[in-house]
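Engineer: Have a look at this one before I ask anything.
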Amino acid sequence: MAIAKTRKIQLLTTLEHKTEVLELLQNTNAMELQAISTEEGVETQHSPNQLQKLQEIELEFANIDYSIKVLSRYVKAKGLLAEPICLNTDQVKEKAEESKHKEITKEILKHENNLLQARNEKAAFQAELDTYQVWKNLGVNLENLDGSANSKIILGSLKKENYNEIYQAVNNVSALTSIEKINQDDNNAYILIVFSKELETELREITSRYKFTETELPREKGLLKAYNQKLQKQIETCEETIEKAEKELKSLSKHLDELMIVHDYLNWEKEKLEEDKKLTKTNYSCIIQGWIPEKNIEKIEDQLSKITNRYLLREIEPEKGENIPVVIKNNKFIEPFEAVTEIYGLPKSTEIDPTPFLAVYFIVFFGMCLTDAAYGIIMFVCTALALKFLKLPQGLRKLVKLLMYGGLVTFVIGGLFGGWFSLSPDQVPDFLTTTTDSGEQIFIFQKINSLTDPLTVLILSLGLGFFQILMGTYMKLIHAIKTGNKIDAILDVGPWAFMLTGIGFAILAAASVLPQNMIAIGKWWVILGAVIIVLTQGRDKKNIVGKLVSGFLSLYDLIGYLSDVLSYSRLLALGLATAIIGLAVNIIAVLMKDMIPYVGWIFMIIVFVGGHVFNILINTLGSFIHSGRLQFVEFFGKFLEGGGTGLKPFSKKCKYIFIKNNS
Amino acid sequence: MEQFLGDGLALALAGAALAVGLGGAGSAIGVGLAGQAGAGVATEQPEKFGKVLVLEALPGTQGIYGFLVGFLILLFTGVLVGEPKEISLAQGWQLFFACLPCAIACLSSGINQGKVSAAGMNMIAKDGSQMGKAIVLSAMVETYAVLGFLISALLIFFIKL
């Protein structure tokens, strides 16, 4: 449990076994490699030979990555239940090496290039065609639009309302001008003006007055109509190219699985080459340095000895202040809760792993935020089925398993709170309900009703919160005594642990949980606690006044503890929110049945199912987040700093395939 | 009609209207802000759409809290089942004020949670594994909407009608 011991080791071996040893390390997923820092700094140079190899692999890898993206367009997305690619590492290597992936990617890139080029050309032709389409009625040959020695022709468009005015204006200039409307659409009139060259100044004045926009037509021969037809033909050619390329790509998409295997394989090879530069080499030997969880050392040595006896493995001391990578290790039952810890980030290597301590609180708080037994059953069944039938990646598996626990706990807490789809006891079959001594009808197992008796739930929430914070404080105390300066630890944290315990005792006494005569003890306990805090918390100040003042000021921290405890009231609020949304869904569903004649019950079922599914989704998310927040902010804040870096072992990372064991 | 409805019902309904309206407005603005930022992420990295959606949905809860308070008012005043209770002016004011904590807190919290969610989109754009942290940052803002809702709901439960 808790934080696994991580050791720094150096592994010396001969250069001829280097590749094999690296392969072994990558396969066992056991250690994180680290470059050896020398006096001159860290030496991380590839030899030119290796650099070239690395560049080659990177290029191949990029091509394959791109090809997979291209082909994915032509393959139907796999369903959730589809079997993913499952191979062992030897099979992957074999398949990747016999694959003609270079030819395939070359082919794919070629067709994809054709496709993109044809698409661009088509778009350009289409844009041209769209501009010229309005001029299709032009009866003049394009080569004549330049005019003659004495005359000039301009084409352009303006607002169609202005056409009559410009027509008058142009005709008024002289008899040597002519204006003609070629086409008209909803907004614009497209016109052609012919005029004698010496009249150009007057003409330009008129055209700018009416906001005439000049158009250039292509400098081609023949009618525009013919040119447009040519464009149309080119567009069709492009479309054919596109269709052909897509067909080719579609037929190539049968190689997708193969490319995915090569993708992951090349990724391993790439990483192996990248890690290689962290090794320190001489002419005949090399040193591999890195971090390794203690329990892996034996495993590695065992496998190394199968390859060669020419190796030397020794543990070395970490340098002062060096950041030791953290691995948290918990038993199978607690493991899913690591998902919660990982959201916050890992603890430092000198701290405690909070996972086993937060597990019970997290799951109980989660249940209290949902408090519906039926939702709990649904969640439990769904997640259990997902775990059984779906191949989930490791990280997601943890999360789903956590939700499965959550479903189970929600079922229990929901049962205690009497939440069954937010129905009232008279709405469900008789076997689910029972009658209390006072004659009230309630659900079986029900102990509390959060809608009519929210104060009990509030007290329960705050009580749990107080207990968790108290536990956090004691954890800090114990950890500080174990690892640090004992006197400082006892004087810093001890008084607060003493004080908080006293407050808890006093509250229990005042609430008559403890015998009546304990009230006085509780009172004196708290007063004594306060006095100790005043005396101890300011001890690093120089003079006696400073000591007392900062001691008194530190009593103010009590407000912090108080607000932390009050923060747990969200458990009640979220529980109420789930119950009331469910209630709203039920009432609206019944309204549906009453309002719509004959088929109302269909709508009732739709509203009921849809509404409750929505409620489960939104409140599972909310419960998870808020239950997590209580751990991160209120609980961790008491004893944990966090900020550890996780161990990133040298391994075979997979994006597309699942690795089976070699056996 | 007047003696049937009592004087305070209109005030109670005004409270419900404020809770639903302001809570919804806060969420609408918040989800809008987060959605705009999220659309950018989803354009560049469509595979992160699921994460974007969760982060966008976070500021949506304020609207739900407001709706719930409005719903409780309708339920307790009997409007929902079509048989409004007689509510005095004093009770009307009590219900009205009971709605305000949720209404005001949800308006402000929804908008600001939207801003934090939008900023969180940058985090997941750079590194999808930072999702949890982005969610927790955003959820910190929601606390105050939860507290507002809690007080509003408790007040409505305990006001004697």
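The values are calculated or read from the model by the stated rules, or taken from the named source; none is laboratory data. As the structure is a computational prediction, the values presented were derived from the model and not from experiment. When we count neighbours, we look across all protein chains shown, and the Cβ atoms used for this are built from the backbone with ideal geometry, even at glycine.
Engineer: Can you tell me which residue within the stretch A:554-570, out of those that are assigned to a helix (DSSP H, G or I) and within 10 Å of chain B (Cβ to nearest Cβ), is nearest to B:Glu142 (Cα to Cα)? Full working, then the answer.
Structural biologist: Looking only at the stretch A:554-570, we keep the residues that are assigned to a helix (DSSP H, G or I), and these are A:554, A:557-567, A:570.
Then keep just the ones that are within 10 Å of chain B (Cβ to nearest Cβ); that gives A:566-567, A:570.
Numbers: A:Leu566: 15, A:Ser567: 12, A:Arg570: 10 Å.
Of everything passing the filter in the stretch A:554-570, A:Arg570 is nearest to B:Glu142 (Cα to Cα).
Engineer: Another question, then. Inside the stretch A:482-509, can you point out the residues that are in contact with a Gly (Cβ under 7 Å, 6 or more places away or on another chain) and of a type in the set (A, V, I, L, M)? Break it down stepwise before answering.
Structural biologist: The initial filter retains those residues of the stretch A:482-509 that are in contact with a Gly (Cβ under 7 Å, 6 or more places away or on another chain), namely A:495, A:498-499, A:502, A:505-506, A:509.
Within the stretch A:482-509, A:Met499, A:Ala506, A:Ala509 meet the criteria.
Engineer: Next question, about the same structure. Go through the stretch A:481-493 and report how many residues are in contact (Cβ under 8 Å) with a residue 24 or more places away in the chain and of a type outside the set (Ser, Thr, Tyr).
Structural biologist: Taking the stretch A:481-493 as the starting set, the residues that turn out to be in contact (Cβ under 8 Å) with a residue 24 or more places away in the chain are A:483, A:491-492.
Filter again for of a type outside the set (Ser, Thr, Tyr), leaving A:491-492.
Matching residues across the stretch A:481-493 total 2.
Engineer: Just to be sure, is A:Leu358 in a helix (DSSP H, G or I) and within 30 Å of A:Ile659 (Cα to Cα)?
Structural biologist: No.
Engineer: So, one more: Would you check if A:Asn296 is touching a residue at least 24 places away in the same chain (Cβ under 8 Å) and closer than 30 Å to A:Gly415 by Cβ? Walk me through it before giving the result.
Structural biologist: Working: touching a residue at least 24 places away in the same chain (Cβ under 8 Å): yes; closer than 30 Å to A:Gly415 by Cβ: no.
No, not satisfied.
Engineer: Hey, another quick one. Contact list please: Cβ distance under 8 Å, first residue in the stretch A:47-59 and among the basic types (Lys, Arg), second residue modelled with pLDDT under 90, pairs at least six apart or on different chains.
Structural biologist: From the stretch A:47-59, the pairs are A:Lys53/A:Leu273.
Engineer: Considering only the stretch B:44-72, state which residues are polar (S, T, N, Q) and modelled with pLDDT of 90 or more. Give the derivation first.
Structural biologist: First, pick out the residues of the stretch B:44-72 that are polar (S, T, N, Q): B:45, B:61-62.
If the condition is that a residue be polar (S, T, N, Q) and modelled with pLDDT of 90 or more, then B:Thr61, B:Gln62 are the ones that fit.
Engineer: While we're on this one: Being in contact (Cβ under 8 Å) with a residue 40 or more places away in the chain, in a helix (DSSP H, G or I), more than 14 Å from every other protein chain (Cβ to nearest Cβ) and surrounded by 14 or more Cβ atoms within 10 Å (Cβ to Cβ), is that true of even one residue in the stretch A:586-598?
Structural biologist: First, pick out the residues of the stretch A:586-598 that are in contact (Cβ under 8 Å) with a residue 40 or more places away in the chain: A:586.
This time we only want the ones that are in a helix (DSSP H, G or I), so: A:586.
Going one step further and asking which of them are more than 14 Å from every other protein chain (Cβ to nearest Cβ), we end up with none.
No: the stretch A:586-598 contains no residue that is in contact (Cβ under 8 Å) with a residue 40 or more places away in the chain, in a helix (DSSP H, G or I), more than 14 Å from every other protein chain (Cβ to nearest Cβ) and surrounded by 14 or more Cβ atoms within 10 Å (Cβ to Cβ).
Engineer: Are there any pairs, at least 6 apart or on different chains, whose C-beta atoms fall under 8 Å, with the first in the stretch A:196-217 and assigned by TED's automatic domain parsing to the domain that holds A:Asn162 and the second of a type in the set (D, E, K, R) and surrounded by fewer than 13 Cβ atoms within 10 Å (Cβ to Cβ), and if so, which?
Structural biologist: Within 8 Å, the pairs are A:Thr207/A:Glu214.
Engineer: Can you go through B:Gly66, B:Gly50 and tell me which one is in contact with a helix residue (DSSP H, G or I) (Cβ under 8 Å, 6 or more places away or on another chain), among the small types (Gly, Ala, Ser) and either closer than 29 Å to A:Arg629 by Cβ or within 13 Å of chain A (Cβ to nearest Cβ) (or both)?
Structural biologist: Values: B:Gly50 fails: in contact with a helix residue (DSSP H, G or I) (Cβ under 8 Å, 6 or more places away or on another chain).
Step by step, each of B:Gly66, B:Gly50 is checked, and only B:Gly66 is in contact with a helix residue (DSSP H, G or I) (Cβ under 8 Å, 6 or more places away or on another chain), among the small types (Gly, Ala, Ser) and either closer than 29 Å to A:Arg629 by Cβ or within 13 Å of chain A (Cβ to nearest Cβ) (or both).
Engineer: Filter the stretch A:229-281 down to the residues that are farther than 20 Å from A:Lys653 by Cβ and β-branched (Val, Ile, Thr) and list them by number.
Structural biologist: Hits for the stretch A:229-281 are A:Ile235, A:Thr237, A:Thr241, A:Ile242, A:Thr280.
Engineer: Go through the residues of the stretch B:139-153 one by one and say whether even a single one is in a helix (DSSP H, G or I), within 11 Å of chain A (Cβ to nearest Cβ) and among the charged types (D, E, K, R).
Structural biologist: Yes, the conditions are met somewhere in the stretch B:139-153.
Engineer: Next up: Looking at A:Lys250, A:Lys233, A:Lys225 in this structure, which one is over 30 Å from A:Ile68 (Cβ atoms), assigned to a helix (DSSP H, G or I) and either more than 53 Å from the chain's Cα centre (by Cα) or touching a residue at least 40 places away in the same chain (Cβ under 8 Å) (or both)?
Structural biologist: Details: A:Lys250 fails: over 30 Å from A:Ile68 (Cβ atoms); A:Lys233 fails: either more than 53 Å from the chain's Cα centre (by Cα) or touching a residue at least 40 places away in the same chain (Cβ under 8 Å) (or both).
None of the others qualify; the one that does is A:Lys225.
Engineer: I'd like to check something: does the stretch B:80-92 contain any residue that is farther than 18 Å from A:Leu451 by Cα, within 14 Å of chain A (Cβ to nearest Cβ) and of a type in the set (S, T, N, Q)?
Structural biologist: So far as the stretch B:80-92 goes, no, none of its residues is farther than 18 Å from A:Leu451 by Cα, within 14 Å of chain A (Cβ to nearest Cβ) and of a type in the set (S, T, N, Q).
Engineer: With the structure loaded, tell me whether A:Leu455 is in contact with a helix residue (DSSP H, G or I) (Cβ under 9 Å, 6 or more places away or on another chain), within 14 Å of chain B (Cβ to nearest Cβ) and under 21 Å from A:Thr341 (Cα atoms) or whether it fails that test.
Structural biologist: Working: in contact with a helix residue (DSSP H, G or I) (Cβ under 9 Å, 6 or more places away or on another chain): yes; within 14 Å of chain B (Cβ to nearest Cβ): yes; under 21 Å from A:Thr341 (Cα atoms): no.
When the stated conditions are applied, A:Leu455 does not pass them.
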